[in-house]
1. Answer with yes or no whether residue 7 is touching a helix residue (DSSP H, G or I) at 6+ places or on another chain (Cβ under 8 Å), surrounded by fewer than 19 Cβ atoms within 10 Å (Cβ to Cβ), under 22 Å from residue 152 (Cβ atoms) and at pLDDT below 90.
2. The conditions are (1) in a loop (DSSP other than H, G, I, E, B); (2) touching a residue at least 12 places away in the same chain (Cβ under 8 Å); (3) out of contact with any helix residue (DSSP H, G or I) (no Cβ under 6 Å at 6 or more places or on another chain), and residue 114 fails exactly one of them. Which is it?
3. Working only within region 170-190, note down all residues that are at pLDDT below 90 and not in a loop (DSSP other than H, G, I, E, B).
4. Of all residues in region 25-51, count the ones that are under 25 Å from residue 107 (Cα atoms) and either in a loop (DSSP other than H, G, I, E, B) or touching a strand residue (DSSP E or B) at 6+ places or on another chain (Cβ under 9 Å) (or both).
5. Which one of 148, 197 is part of a helix (DSSP H, G or I) and more than 15 Å from the chain's Cα centre (by Cα)?
6. Pick from 22, 54: which is surrounded by 18 or more Cβ atoms within 10 Å (Cβ to Cβ), at pLDDT below 85 and assigned to a helix (DSSP H, G or I)?
7. Kindly check whether there is at least one residue in region 152-161 that is touching a strand residue (DSSP E or B) at 6+ places or on another chain (Cβ under 8 Å) and in contact (Cβ under 8 Å) with a residue 60 or more places away in the chain.
8. Answer yes or no as to whether residue 167 is at pLDDT below 95, within 20 Å of residue 16 (Cβ to Cβ) and in contact with a helix residue (DSSP H, G or I) (Cβ under 7 Å, 6 or more places away or on another chain).
């Protein structure tokens, strides 16, 4: 899953996990930023009003990439997936809710051929959600973040609509990008759930 801050990625990921059970699928949610959250929680003192939690996490995440390699968080995620499979004794599918960088998107979508969902929400809606979730946030920090903007190009791609649904798919002649689904999360949870069900009927029932 790809998108930007406040679009509802974690909510959709939780929906996907629950819906998967109806299709007999074992899907676990694993975040690329899980370890970044842990490190930030343990070492970052949130007493400095000039440094936000988000900026601290982005600093930690990017500095680890510089030092250990750009795929450090991908490797960590895939190791966690392996451990879950060893524990369950079976293969599992995963949903990755926090794909923000083009390199990560390329790994999961192009190399691993994961199904891709781009979740979009207008700026005002996303900001309201961030305030509710985080109590405060820096608008300029998100607006000027290179990380948050890397996948915005998806919104400008031509699309095809699904009948009686807000769900869309990228529509470019003979392009692998056509498998990217675009969901509109400017409405309520019921509206998002409906788009997910439409997506399941198209993607999961083919497999």
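1. So residue 7 does not fit the description; no.
2. Checking residue 114 against (1) in a loop (DSSP other than H, G, I, E, B); (2) touching a residue at least 12 places away in the same chain (Cβ under 8 Å); (3) out of contact with any helix residue (DSSP H, G or I) (no Cβ under 6 Å at 6 or more places or on another chain), the one that fails is (3).
3. 189
4. The total comes to 9.
5. From the options 148, 197, the qualifying one is 197.
6. Only one candidate passes the filter, namely 54.
7. Among the residues of region 152-161, at least one is touching a strand residue (DSSP E or B) at 6+ places or on another chain (Cβ under 8 Å) and in contact (Cβ under 8 Å) with a residue 60 or more places away in the chain, which makes the answer yes.
8. No.
The values are calculated or read from the model by the stated rules, or taken from the named source; none is laboratory data. Just so it is clear, the model here is predicted, and its values are computed rather than measured. Note: ideal-geometry Cβ built from the backbone for every residue, glycine included; neighbour counts use all protein chains shown.
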